[in-house]
Every structure is written in C-alpha cells, then in structure tokens.
1. Criterion first (farther than 24 Å from residue B:8 by Cα and within 16 Å of ligand 3 (Cβ to nearest atom)) does residue A:368 satisfy it?
2. So which residues in segment B:220-232 are in a strand (DSSP E or B) and without any contact (Cβ under 8 Å) to a residue 24 or more places away in the chain?
3. What are the residues in segment A:28-51 that are modelled with pLDDT of 95 or more and surrounded by fewer than 18 Cβ atoms within 10 Å (Cβ to Cβ), if any?
4. Checking the condition at pLDDT below 95 and either within 14 Å of chain B (Cβ to nearest Cβ) or surrounded by 24 or more Cβ atoms within 10 Å (Cβ to Cβ) (or both), which residue from A:266, A:341, A:261 passes?
5. Mind listing whichever residues of segment B:96-127 are within 9 Å of chain A (Cβ to nearest Cβ) and under 19 Å from residue A:378 (Cα atoms)?
6. Any residue at all in segment B:242-261 that's farther than 30 Å from residue A:89 by Cα, buried (at least 23 other Cβ atoms within 10 Å of the Cβ) and more than 16 Å from ligand 2 (Cβ to nearest atom)?
7. Go over the candidates B:216, B:226 one by one and state the one that is assigned by TED's automatic domain parsing to the domain that holds residue B:253, touching a helix residue (DSSP H, G or I) at 6+ places or on another chain (Cβ under 9 Å), more than 16 Å from ligand 2 (Cβ to nearest atom) and over 19 Å from residue A:181 (Cβ atoms).
8. Of the residues that sit in segment B:233-256 and are facing another protein chain (nearest Cβ under 8 Å) and assigned to a loop (DSSP other than H, G, I, E, B), which one is farthest from the chain's Cα centre (by Cα)?
Ligand code: HEM
Ligand SMILES: [Cu+2]
Ligand SMILES: [Cu+2]
C-alpha cells in the first residue's frame, strides 16, 4: 500500500512535504476527511474540549462536597434551580455525567481515537488506515453520542436542571431500569443508554480498523516484534474492544428493552418502587453487573494500555536508551489483556454473588498486578543508565510511572476481598481509579501531545508553559486525589451528596475543602495546555521531520505528513529502540536506515552495566 | 532545572508517606478501632497489605528517584559518553516476576479464611448463633431460621422486622421467611444483642442498596429478588452508624440509621416495648374492659 506514497511527492497530494503549510491538517479539521491524521486531530481537539466539560462537572461535585448546600458560583447560575444550590438530584447527575464524559468522551477516544488514528499508519509505515471511510464515521458518530449525552442532561420528563441520568456511570438496575426509581431514570436514562451505544459503535469501527491495519499494512521488514510498544498497545486494545464491547452493547439493548418494551431481563418480580405498582418479571439485577463489568473491566485496560505503549516509546527516546525488556513488555501487555477478561467479578465482591466466585476473582485480580509490576520495573530499567532529557515529555512520562505505582498498589487493597468489604464504594476506590486514569493515562497523554505535536503541526509546543502546566497539574492532582485514600479509610462513602450528615465524617470537611482547592488549581491549569496548543500553532519553534532524534517510522515522514504520509516508502531494518548504539556515531538509529555493514548487528549480547 | 525535577519526583513520595503517617492522629483514618472480631481481622489484613505495599511504594519510588538522579548526573559528564546500550536483563526479569508473584499469591491465599467466615454460610459461627437464640428463649426446632431479624431497604430508609412473641406462652418466636401477624417492626433503628454472633437477613423492596456498618467493617449489598444472610458481632454495648453504600437514587446520602448493640435482656425488653406499642389500644384493652 505504501507504494502509493512513493508518487505522493510528485503528485499534488504531497504539498505539505514542502514544509510550508504547517497547519494543513488543522485546516481540514472542521470538515469531513478520511485522512487518518485529520481524524486523529479531530478526535484530539474534541476530547480536549470534552475534558474541559467533564472537568467543569467535576468541579460541581467538588463544590458540593466542600460547601454543601451553598449556592454554586458560575455554573450554579446556569444550571441548578433554587438560585444555584446543588440539589441531591443535581448532584447525582453531576457525578454520573462527569464519569460518563470522562470515560466515554475523553479517555477512550483520546487514546484509541486521537493517538491511535494519528499514529498507527505513521508508525507502521502505511499510507492510511485500511478502511478510511469507516474511520471517518467512527469520529463523526461521536457527535450524535455527545448530543445524546447532552440531551440526557436536560430532557427528562420535561426540561430542567435536575433531569439528568442519576444511576452513576455503572447504571445498575433496578435504579436504571425502572423509570419511577429516580428523577433521572425516565427519558434521561434512555438518552444516556443511546449515547453509550453510539460511543460503542464508534469504538467498534475504530477497533476493526486498527486490527486490520496493523495486521495487513505494516511496512516491509516491520515484523511483529519490531513494532513499537505504542502499536502493541493499540493492537491489544483493539482486540479487547472487539471482544468485550458486544457484551456491553447487548446489555445496553436489553436494558433499553426493559425500559421501553417492558421486558424484564434485569427486573425481578415484586419490586415496589416509589409506590408504583409492583413489578412483574423474573429477571436478575446481578446479570447487568456481570455483563457491564465483563465489558468495563477490559475497558479500564482499554483506557490505559495505549498510554503504556506511548510512554514506553517516549521514555526510550527521551533517555536515549533502548527500552528495557521489550519482549517482557509485550508479554505483560498481553497478560494484562488476557487476565483482564477473567477479573470482572472484583467489582462485585459485595454484590451478593456466590462467595466462592469472590475467591476466584480475588486470585485472578491479585495476579493481574504482576504484569503491571513487571511493566513498572522495566520502565524504571529504561531510565536506568540513560541520558534523560528533562523536558515536558519526559516529566509527564515519569509522572505516569510514579502515579501508576500508586494506582496499582491501591488495587491490591481492593482486590483482597475481606478488605474490600470495608473499602468498597468508599472514596478509596475513587482514589484508585483516578490514580490510574488521570495520574497514569492523562499524564501519558499530556506527554504524548507534547511529543507528537511537531509531527502534527510542524512546530514545537512551548517547554516553559508545558512545564508550568505539568507542575500545576501534578501538584493539583495529588492534592485532590491522594487524600481520597484517607477519606476511604475513614469510611466516607462515594456518591454522597452530603456526607457530613454522619457525625463520624463531619471532621473531614476541611480536608475536602483543601481537595477542592487543589482540584481548581488542576482544572484551571488545563487552560495553560489549551493556550500552549493554540499559541504554538502560530508561534511555536519550527520543527523538522525528526525533532527528537527518534527512531520510529513516523519521524521519517514530513512534518506534517502530506496525504499518503511518506514521500519515501519506508523499509524497516530493525526495532524502534536502537538508541546509543556503541558502534555508531549518532545516538539514534532510525528503523529505516539501511545497515552500514552487511554483518548483522548482534542485539542480544550481554551488555556491561553502566560504569 | 533538571535537579529541581529530580528532587520533585523524590519529594512527593516522601510527602505522601508523611501524610499517611500523620493521618491517624489527624483523624483521617479508620473511624475508631474495629468494633467486631471479624472487623479486627479485616483491619489486620489491611495493615498487612499496607506494610507490603508501603515497602513496594518506597522501594519503587526510591528506585525511580535513583535512576533520575543518576541520569541527571550522567548527562553532566562527557557528552560523547553514551547511554548504557542495554535491551534488558533476563535474570532481572525472572527475579522481578517470580518474587512479586509469590508475594501476591501469598496475599491472595491469606485472605480466604476471613472471607469464608464472613460470607460462606457453612463457615458462619452457627453454633454460637444458635445459643444466643436459645438464651433469648426462642421456641426453636431444627430448621428454624438462624436469623434474628430481617432488614429491608427501601428508598430511603431501613425497615426492620423482628419475630414477635407467642401469644400463648409469651416466648420469642423464630423468624419466618414471610411476614407474620405477630411480627414486630421498626424503621431506621436496628437493635441486636451484643458480644455474640447474630444473623440477619438482608432484602430490598425496590432498587439496590448496601448495608454498611463502618465501625464494624461490614458491608453487603441488598439485591432485588434475593435474601442475603449476614452476621455480625458487636464488641461493645453502644450505638453504631448504619448507612447505605450503594447508589439508590437522589436520597442515597440520607439513608441514615442506627444500630444499637445491647445486652440480651435489654434486647428482649426492647422487643417487648415494640410489642406493647404495636398492640396498644387494641386487643388487650378491650379484653380488659370485657373482663371487668
Ligand atoms: C494492579 C492492577 C489493578 C488491580 C489489582 C485493580 C483492582 C481493582 C478492584 C478490586 C476494583 C473494584 C473495587 C471495588 O469496587 O470495590 C477496581 C476498581 C476500578 N479500577 Fe482497578 N485495578 C487495577 C488496575 C486498574 C487500572 C490500570 C485501571 C484503569 C486504567 C483501573 C480502573 C478501575 C476503575 C475505573 C475502577 C472503579 C469502577 C467503579 O466502581 O466505578 N484499575 N480496581
Ligand atoms: Cu476492574
Ligand atoms: Cu443508597
């Protein structure tokens, strides 16, 4: 396929190869485009916008937790009734929609959608995705999804601020199945389910595309074990999506049927909800939990594996050193993905399922910490003996490792069933998943934006603003989320509009206020990121093809790459991590550079430890 | 600048450890020592994992700090001296896979007993439960329920059903699966004998809820369509908090109730009081009048 690219330079496709129109990709963003790079940037900009929306919802939650029942500034005037006071209904909507937006419209699409799209063809030397139209559809269907979510926030049985879906992002029935169960379980829940289904359609189109592209369209010489970790992460994520998502989609339709057609998949008989007539039926609410977590546990890995891959690549480049233990890294990714399918029950230890199941799920869950640990050790090994450049990319990658350690360790507490009896559904869990999802994934994404920005727009982002953004995000993040572990140990339940109703939690108010302050710092710091992205479009230092002296295929294409990506069809001679080879003058060795000497380079020899 | 960042990544784990060490004295820790024997064992398991993960946390963060400082120092040296060209080490991979594997497996297996005792019905301390019921003078036979009360959650309150007294003998009856005319009811106020294991049945009338006694470290979801037995044992005779831990609607945060652990005599007195309240102004009174 990449032979098309050979002619691209001479045809009128290859205009940006001349390096003049650096914003060519950006200019295509508002329009329908089947170019994977444009779609990637469309996803990236959309997810950043959604990040701000989700962040605003989170600040609403934090407001209520630190100033319960006081009028909310700014947002309150727009949304809540009673002069801006957060009502309990509004509060349930806030945290439900915060999680929904962050998971379905930010984390999943920013990894697979934005970076997956932009990087996969470039890193494997293809000229585009296997199915470009499908690819474009996978982006544009995000808008109807976003529309449904927006609709779910305002339409219920009428317009109003308290109308939003109120069953949490997990949407457990019977709360979500029976319209009478909550103010938001009417039409709002319907819109919400429709939104999730559409997001799923988008993910599925992406997933099929990525698998096909990675399997069939690799450049000559790019064997599986020469693929960069980013591609491995994307590939395994695509497989997870393809196998897990149908289950959620099916469950979504079943729940929809329960609500609209009066089936009873999830509704047992005889429930009297809110004085409505007793339900008929014979369903099981636990069925939803099984189906939901059968998807959503693999989904939490969908939300981190690509970031793990990108961080591996960035670290190796920024340390000028080969990735430590490439194959163990690949195998541990695969192990996480494989084990990820048999641990879903750890979300259900307390749910009333058979206690014997709890024991098996505990063992599999605790064992999933093992490949995670192996990855952490290998990342540290990658920095070990390297020559790190302390730039924004590297700092964000180190933050990724440092935060992932915390998230992995807190996972073990909850995986231990007896301990989980106490900490389940407390703030301990909230701390855990923010450390893995924000602390790890989002810092990885911040690094990745900085790293691949020159490829997207032919200019660097500002280092100074990037460091300030990193510093404020990191400090704000830890100030917000580290204390949540302690709140969890203190027994503060999650999803409470007013925990201070309980005497044993009253004294936690000042700590919560501190956390809200930190959250504001973190939230407003994101404007620096946005400013940096926008200003660098016009004023950033100009970058060439390979601004970081990196080895990957994407760096042999022009910045930004023209339609068809490569002006010279790449042929791959080695893996992507040959930095600082002792026999070479320069400290990097691009994958496409033909070997100088005909004799093969021994790569697996025992190397001396750094002096 | 690079030294600043090295210190930065060293500083935050130190701060985290200090905060954790200080938090019990600041009140950001367990709501008191566990008030039940099983809870004490849960706390012990928590502390065991805490110690193991604190060691891992400090070890890995120290390793990270070391490689950062080391890298920063090395870049100052002769720039022609390149990074260590290493693709990894087989020995290290084996060590750092096998050692954590054993530690993790140990953690997993070590939890089993407590979990079984908490949830697996055969491992419940049934003998002790039976003797409490006998001490309360319950008219039991072989297959009478071991449960002393039934807790039914609903939006947004806890309804409690106790067995009543035999109208003939005045003795406590066993709890029946279906409500009986003699049953006694209370709302948001669960009374049970202290200092020995007692079992209750957990149900819900509408959506999911979760029965959470933080001081006793007990939590169990109430699931529509299921009756879930849980048992508890309060060490002290006092009042504990009972709250809901599973999102059940807008009023989830206000499913506030209390659990009163009291002596067996006080518990029987309480049931008698409930009995009198529920039957006040009815049968007895008119019978009294008729007798005169
Ligand atoms: C070391 C590996 C990990 C272990 C042992 C682990 C364990 C657990 C357990 C046991 C729970 C359920 C807690 C409860 O509900 O009581 C949980 C929740 C969760 N985990 Fe992890 N986890 C790990 C890694 C991750 C990663 C890498 C992610 C995401 C990138 C993640 C995301 C989540 C999320 C989102 C939830 C909460 C879902 C909810 O209830 O809303 N976890 N984890
Ligand atoms: Cu999970
Ligand atoms: Cu509740």
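The values are calculated or read from the model by the stated rules, or taken from the named source; none is laboratory data. Here the structure is a predicted model, which means the values were calculated and not measured. Ideal geometry is used to build each Cβ from the backbone, glycine not excepted, and the neighbour counts take in all protein chains shown.
1. On the way: farther than 24 Å from residue B:8 by Cα: yes; within 16 Å of ligand 3 (Cβ to nearest atom): no.
No, not satisfied.
2. Step one: filter segment B:220-232 for residues in a strand (DSSP E or B), giving B:220-222, B:228-232.
Selection gives B:220 alone.
3. Correct list: A:45, A:49.
4. Values: A:341 fails: either within 14 Å of chain B (Cβ to nearest Cβ) or surrounded by 24 or more Cβ atoms within 10 Å (Cβ to Cβ) (or both); A:261 fails: either within 14 Å of chain B (Cβ to nearest Cβ) or surrounded by 24 or more Cβ atoms within 10 Å (Cβ to Cβ) (or both).
Result: A:266 is the single residue among A:266, A:341, A:261 that is at pLDDT below 95 and either within 14 Å of chain B (Cβ to nearest Cβ) or surrounded by 24 or more Cβ atoms within 10 Å (Cβ to Cβ) (or both).
5. B:96, B:97, B:100, B:101, B:104
6. Within segment B:242-261, the subset farther than 30 Å from residue A:89 by Cα is B:260-261.
Narrowing the set further to residues that are buried (at least 23 other Cβ atoms within 10 Å of the Cβ) leaves B:261.
When the remaining residues are screened for being more than 16 Å from ligand 2 (Cβ to nearest atom), the result is B:261.
For segment B:242-261, residues farther than 30 Å from residue A:89 by Cα, buried (at least 23 other Cβ atoms within 10 Å of the Cβ) and more than 16 Å from ligand 2 (Cβ to nearest atom): present.
7. On the way: B:226 fails: over 19 Å from residue A:181 (Cβ atoms).
The conditions single out B:216.
8. B:250
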